[in-house]
Amino acid sequence: MKKYSLCILLLIAFVACGPRKVIESTYKNGNPKVIKYYEKVDGKDQLVKEVVFYENKNRKMEGSYSGEKRSGTWTAWYENGKVWSEGSYLDGKRNGPGMVYHENGKKYIESVYANDEKTGKWRFYDTAGNVIKEVDFDLMKADSIAGKKIARRGPKCQSEKCKVQNL
């Protein structure tokens, strides 16, 4: 009986000490639109996680915070539940590799950020998964510093499908 009581007390303590869930906004049908999670730090509520939903209750975007700044991996989904993009944050800035997917699940963009700036070689893919373009942002920066004009390769995309959500 003592073990059972101890387990219940530990469970209550664990639940009571966990992040506090706050539904920040809802859709007209009552489904949550944005849920944020807070923890007490030095007596104040501090944002530690955010989840955004589509009206159909599928996740739209999710990620963590550290010191009220985006931190760790952030993920976005299409309304059908398939992953749209993934990217990493450190102190509120994009850092590390990122990936954007076509709605069919194939890669769309492989990217790299350093301190919120595009860096390294980015690859762009068609809906079949074939590389259609590569851009080396390190070379572009070097050329820009040296005063060289950078030629744009390929047509500029004008359609809505080409616009990528900046997580």
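Would you mind stating whether Lys28 is modelled with pLDDT under 95, out of contact with any Cys (no Cβ under 9 Å at 6 or more places or on another chain) and among the basic types (Lys, Arg)?
Values: modelled with pLDDT under 95: no; out of contact with any Cys (no Cβ under 9 Å at 6 or more places or on another chain): yes; among the basic types (Lys, Arg): yes.
No; evaluated as a whole, the condition is false for this residue.
Among the residues of the range 43-55, which ones are closer than 17 Å to Ser25 by Cβ and either part of a strand (DSSP E or B) or at pLDDT below 95 (or both)? Explain how you work it out, then say what you get.
As a first pass, look at the range 43-55 and keep what is closer than 17 Å to Ser25 by Cβ: 47, 49-55.
Passing the criteria: Leu47, Lys49, Glu50, Val51, Val52, Phe53.
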(message) Could you tell me how many of the residues in the range 97-107 are among the hydrophobic types (A, V, I, L, M, F, W, C) and either assigned to a loop (DSSP other than H, G, I, E, B) or buried (at least 17 other Cβ atoms within 10 Å of the Cβ) (or both)?
(response) 1
(request) Could you please find all residues in the range 127-147 being at pLDDT below 95, surrounded by fewer than 11 Cβ atoms within 10 Å (Cβ to Cβ) and outside any helix (DSSP H, G or I)? (result) Ala146, Gly147
(message) Against the condition surrounded by 15 or more Cβ atoms within 10 Å (Cβ to Cβ) and at pLDDT 95 or above, how does Glu110 come out, does it pass?
(response) yes
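Is it the case that some residue within the range 113-121 is at pLDDT 85 or above, exposed (fewer than 14 other Cβ atoms within 10 Å of the Cβ) and in a loop (DSSP other than H, G, I, E, B)?
Initially, the range 113-121 is screened for residues at pLDDT 85 or above, giving 113-121.
Next cut, exposed (fewer than 14 other Cβ atoms within 10 Å of the Cβ) only: 115-117, 121.
Remaining after also requiring in a loop (DSSP other than H, G, I, E, B): 115-116.
Yes - at least one qualifying residue is present in the range 113-121.
Suppose we filter Gly67, Gly72 for residues that are of a type outside the set (Asp, Glu), surrounded by fewer than 16 Cβ atoms within 10 Å (Cβ to Cβ), at positive phi and in contact with a Gly (Cβ under 7 Å, 6 or more places away or on another chain); which single one remains?
Gly72
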(request) Pairs only if they're at least six apart or on different chains, beta carbon under 8 angstrom, first in the range 29-41 and more than 22 Å from Glu68 (Cα to Cα), second not in a strand (DSSP E or B); list them, first residue then second. (result) Asn29/Glu55; Asn31/Glu55; Asn31/Asn56; Asn31/Lys57
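The values are calculated or read from the model by the stated rules, or taken from the named source; none is laboratory data. Worth saying up front: this structure is predicted, and the values here are computed from it rather than measured. Cβ sites come from the backbone with ideal geometry, for glycine too, and all protein chains shown count toward neighbours.
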